[in-house]
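Asker: Got a structure here, written out as structure tokens. Questions coming.
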Amino acid sequence: MVKIINSIIMVCFIFLVGYFFGIKEVRFYEIISSSMEPTLNVGDRVMAVKKSRLARKDIVMIKDPKISSEILAKRIIGLPGEKLEISEGKVFINGAVLNEPYLKESPIYVLEAEVPENKYFLLGDNRNTSEDSSSWGPVDEELVICRVVLKYSPVKEFRILTRSSFGR
């Protein structure tokens, strides 16, 4: 009975938050891959809002560039016009190292890329097993559906997911 009441309260809270963001702008997703571990695990449920101004470290839901019917969660790492390098287990943006406390483990690959206008370089937090821009290249802005703002299930892991919660 307590579990049912908690679920009802959580659903009401989510819809209340959705109301404040504007009903048409709120979407709910279930995470289908392990590419965002440890931040998001398979089966987690998230709330996302319509994309507006996208920024580095935002978690976004995208249409899979290879399988258009799948929706994936990824993190924005490179912005339009930037040079990105991955080496020595670190990401460098225009030569400066990016602080990434959310990673499951440091990347073991080496990569260099330039991010064209209207594209983003997206990576999973589970870098060594994530299919992302390290294999696809920069992703068109059109494939970005929305920005994740809240992890609401499982309830014990409820948390707000904003770029400020991941450090600058």
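Asker: Which strands (runs of 3 or more DSSP E) does region 5-87 wholly contain that include 2 or more residues that are touching a Ser or Thr at 6+ places or on another chain (Cβ under 9 Å) and within 20 Å of Asp140 (Cα to Cα)? It would help to see each step written out before you state the result.
Answerer: Details: elements: 26-30, 45-50, 59-63, 71-78, 83-87.
Correct list: 59-63, 71-78.
Asker: Inside region 58-77, can you point out the residues that are under 17 Å from Tyr29 (Cβ atoms), of a type in the set (Val, Ile, Thr) and surrounded by 17 or more Cβ atoms within 10 Å (Cβ to Cβ)?
Answerer: Ile59, Val60, Ile62, Ile71, Ile76 - these are the residues of region 58-77 that are under 17 Å from Tyr29 (Cβ atoms), of a type in the set (Val, Ile, Thr) and surrounded by 17 or more Cβ atoms within 10 Å (Cβ to Cβ).
Asker: In region 85-138, what residues are surrounded by 12 or more Cβ atoms within 10 Å (Cβ to Cβ) and acidic (Asp, Glu)?
Answerer: Correct list: Glu85, Glu100, Glu105, Glu114, Asp125, Glu131, Asp132.
Asker: Using the structure shown, decide if Phe13 is over 18 Å from Leu123 (Cβ atoms), at pLDDT 80 or above and surrounded by 13 or more Cβ atoms within 10 Å (Cβ to Cβ).
Answerer: On the way: over 18 Å from Leu123 (Cβ atoms): yes; at pLDDT 80 or above: no; surrounded by 13 or more Cβ atoms within 10 Å (Cβ to Cβ): yes.
No: the conditions fail for Phe13.
Asker: A further question follows. For region 101-125, enumerate the residues that are of a type outside the set (Phe, Trp, Tyr), at pLDDT 95 or above and within 16 Å of the chain's Cα centre (by Cα).
Answerer: Within region 101-125, Lys119, Leu122, Leu123, Gly124, Asp125 meet the criteria.
Asker: Across region 26-57, which residue is surrounded by the fewest Cβ atoms within 10 Å (Cβ to Cβ) among those that are charged (D, E, K, R) and closer than 25 Å to Asn94 by Cβ?
Answerer: First pass over region 26-57, keeping only residues charged (D, E, K, R): 27, 30, 37, 44-45, 50-51, 53, 56-57.
Within this subset, residues satisfying the condition of being closer than 25 Å to Asn94 by Cβ are 51, 53, 56-57.
Working: Lys51: 16, Arg53: 6, Arg56: 17, Lys57: 19.
Among those that are charged (D, E, K, R) and closer than 25 Å to Asn94 by Cβ, it is Arg53.
Asker: Residues in region 139-155 that are part of a helix (DSSP H, G or I), at pLDDT 90 or above and over 15 Å from the mean Cα position of the chain (by Cα): how many?
Answerer: Pass one, region 139-155, residues part of a helix (DSSP H, G or I): 141-143, 155.
Still in the list and also at pLDDT 90 or above: 141-143.
If we keep only those that are over 15 Å from the mean Cα position of the chain (by Cα) as well, we get 142.
The total comes to 1.
Asker: Further, regarding this structure: Going through Ile71, Ile77 one at a time, which residue ends up being within 18 Å of Lys104 (Cβ to Cβ), modelled with pLDDT of 90 or more and under 17 Å from the mean Cα position of the chain (by Cα)? Give the steps one after another, and end with the answer.
Answerer: On the way: Ile71 fails: within 18 Å of Lys104 (Cβ to Cβ).
So the residue among Ile71, Ile77 that is within 18 Å of Lys104 (Cβ to Cβ), modelled with pLDDT of 90 or more and under 17 Å from the mean Cα position of the chain (by Cα) is Ile77.
The values are calculated or read from the model by the stated rules, or taken from the named source; none is laboratory data. Please read all numbers here as calculations on a predicted model, not as lab measurements. Neighbour counts are summed over all protein chains in view; Cβ atoms, including those assigned to glycine, are modelled from backbone coordinates with ideal geometry.
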